[in-house]
């Protein structure tokens, strides 16, 4: 796995490590459980619960961890009750039992859980979510698939999750992310040297150091030339944002290819960016502009197609025509994505690298699925699209997922300030700039995603409130977002 990814495991990967520790290294399973339960108890104790601790345990090792935690909490002087969910001793009135709690520990299901909780477990999960006390999940919030983040029924809404050895994909990918709360990773004594096969990773700042830096012999052309095609009447801002972000992210030269009747907008307002006017008098890019666009892309080290293009049928026809003919690495964004609804194989036919940057609605259209289905199965949907398109897919969100169909990276830097119009155009420009500077597509996408999130946080800090940030504020913060040593507040 790339050195700039912090490991994320799936259920099989963590089971393999457990088996290796027990069978090959001779570490008793009870010793691992003791360490896990101790870490869980310490996390509960730090909350200083004002009332008894209630622990609901399942049948497997997760339940065992809960009982170990109960023993340690009792030894610390806490009032604690642990019940086995499927035993005769389970309280008949869980709501009443939990109403007295100072803290509740969810130890029902572990990392091996898949599917929808059965009736008795579902009722317990719902009672936990109603209780109002702080909820601490053991390893993974019950109801969440640790390998994917999928939630098929109800799931515990934890305030804190204590997981063991390493974080899991389900902790970082929505909707599982929203059930995790604060995540704490506790070592339990699994030594290094085992069959360590993470299923993905969170993007770390080291990826930002991969981009070549300018030196005394650099020119605007050697620094990376980006061409961005898009724009239509009423949507000129998208191309301006994307191109400005590209040069802020280190591209030495940027050109926009836009409808000729809109070219004066760019000439007047964006002195650092060149422009090419494409023929047509409808205020959007149409098939008559095909050759103009292809000539514009010829010198590009990387390009972007889509910001502000609009959804005219002729515009979609143009997008489908030029995507296959552009020879540079290409970011396909916004309405250019909509041109390929149900036609990802046309993108797969490209000879050069492609990065797709959809949100859930756009990915749903690409895969001909409802956006709610994409939201429920974000990781699976992104992988599916990447494989069909032979591309890197960046599925945008607070948990942005980057995948080439095999490798998986997840953004763990939360940036609510990015929930505003135009920030997606900023991301497409940043991605193209990093491609133009020489990063391979998966690394370029990951670096852009992380720098974008960091820039969003920096903008919120400067402006004073996430709700007041606009896309140009994020562009101003790109330099801070790109610096590997810049702290994230």
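Return yes when residue 216 is at negative phi, free of Cβ contacts under 8 Å to residues at least 12 places away in the same chain and either part of a helix (DSSP H, G or I) or surrounded by 14 or more Cβ atoms within 10 Å (Cβ to Cβ) (or both) and no when it is not. No; evaluated as a whole, the condition is false for this residue. Screening the stretch 267-301 for residues that are farther than 16 Å from residue 251 by Cβ and under 33 Å from the mean Cα position of the chain (by Cα) and picking the one that is surrounded by the fewest Cβ atoms within 10 Å (Cβ to Cβ) gives 298.
Would you be able to say whether some residue in the stretch 87-104 is surrounded by fewer than 20 Cβ atoms within 10 Å (Cβ to Cβ), assigned to a loop (DSSP other than H, G, I, E, B) and at pLDDT 95 or above? Checked against the condition, which is being surrounded by fewer than 20 Cβ atoms within 10 Å (Cβ to Cβ), assigned to a loop (DSSP other than H, G, I, E, B) and at pLDDT 95 or above, the stretch 87-104 yields at least one hit. Among residues of the stretch 460-489 that are in contact (Cβ under 8 Å) with a residue 60 or more places away in the chain, those with a Cβ under 6 angstrom from a residue that is surrounded by fewer than 15 Cβ atoms within 10 Å (Cβ to Cβ), sequence gap 6+ or separate chain, pair up as 484/209. Evaluated against (1) in contact with a strand residue (DSSP E or B) (Cβ under 7 Å, 6 or more places away or on another chain); (2) within 25 Å of residue 378 (Cα to Cα), residue 102 falls short on exactly one condition, (2). What's the number of the condition residue 260 fails, among (1) closer than 23 Å to residue 357 by Cβ; (2) in contact with a strand residue (DSSP E or B) (Cβ under 8 Å, 6 or more places away or on another chain)? It fails just one condition, (1).
The values are calculated or read from the model by the stated rules, or taken from the named source; none is laboratory data. Keep in mind that this is a model prediction, so the values were computed, not measured. All Cβ positions, glycine included, derive from the backbone under ideal geometry; neighbour counts span all protein chains shown.
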